[in-house]
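For reference, the structure discussed in these notes is given below.
The values are calculated or read from the model by the stated rules, or taken from the named source; none is laboratory data. Keep in mind that this is a model prediction, so the values were computed, not measured. Methodologically, a virtual Cβ is constructed for each residue, glycine included, from the backbone with ideal geometry; neighbour enumeration extends over all protein chains shown. All accessible areas refer to the heavy atoms of the entire protein, side chains included, with ligands and DNA or RNA removed. Shrake-Rupley method; radii C 1.70, N 1.55, O 1.52, S 1.80 Å.
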Amino acid sequence: MGERRIVVDKAYLYEEDKPLTVCKTSLFHTGDGFTAYDCDGDIIFRVDSYGRDNDEFVLMDATGKCLLTVKRKRPTLHQRWEGFLGERSEGQKPIFSVRRSSIIGRCTMEVEVYDGSGEEYTIDGDFSLRSCLIYDTEKQTVAEIKRKVDMSTNVMLGRDVFTLEIKPGFDGAFAMGLVLVLDQINGDDPVEIGDEQVHPFVED
């Protein structure tokens, strides 16, 4: 495993590529949010809004423990979000920030980590198409967001079910926190609603 990049929790550092299936819940149901599953179908992360302010979201583990809070920083010209360890309290200092580098054209985000290391990341791509790369200052990819294909039918699933692939040594909780920010900054279109609710499946 390469350099270990702990931002939120060392429990989410993996020795091999870790693909997670991320499911975005319907905008028309109570408790909008996300659930992330591993290849065995076990819940790794979940996010539920439950009527919270749309400027703040809490990332939890499978048991409901708060791992990270992301909050929109106001006012700002280029949308800026900040991440706080655990459930944010008044006066707490952020551990990272994300800002949109341009408000026109291709979606590019700059991520700065406040741990004294000067570590920065760039997110490039189009989250609305579920196609983004997260890479470090050396242009090494540390995580990828991509459309998910049902391996049994070779059919690409809707945008409300996608893959977050975490590279070895990168903090998966941090990566999932960045997904939450991307979803908000991009002002995602309404999710695709079909006749049936999509349920994540166990990959081969």
**Prompt:** Name the pairs: first residue in the stretch 122-141 and within 14 Å of residue 170 (Cα to Cα) and in contact (Cβ under 8 Å) with a residue 24 or more places away in the chain, second residue small (Gly, Ala, Ser) and surrounded by 15 or more Cβ atoms within 10 Å (Cβ to Cβ), Cβ to Cβ under 7 Å, at least 6 apart or on different chains?
**Reply:** 134/143; 134/175
**Asked** Any idea how many residues of the stretch 13-30 are part of a loop (DSSP other than H, G, I, E, B), within 20 Å of residue 147 (Cα to Cα), modelled with pLDDT of 90 or more and in contact with a Gly (Cβ under 9 Å, 6 or more places away or on another chain)?
**Response** 0
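Enumerate the strands (runs of 3 or more DSSP E) found wholly within the stretch 114-173, keeping only those where 1 or more residues are of a type in the set (Phe, Trp, Tyr) and open to solvent by less than 10 Å² (accessible area, probe 1.4 Å).
On the way: elements: 120-126, 131-136, 141-147, 161-166.
Fully inside the stretch 114-173 and qualifying: 120-126, 161-166.
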**Checklist (1) at pLDDT 85 or above; (2) among the aromatic types (Phe, Trp, Tyr); (3) over 24 Å from residue 165 (Cα atoms) applied to residue 45, failing item** = (3)
**Prompt:** Within the stretch 109-147, how many residues are more than 15 Å from the chain's Cα centre (by Cα) and within 15 Å of residue 99 (Cβ to Cβ)?
**Reply:** 4
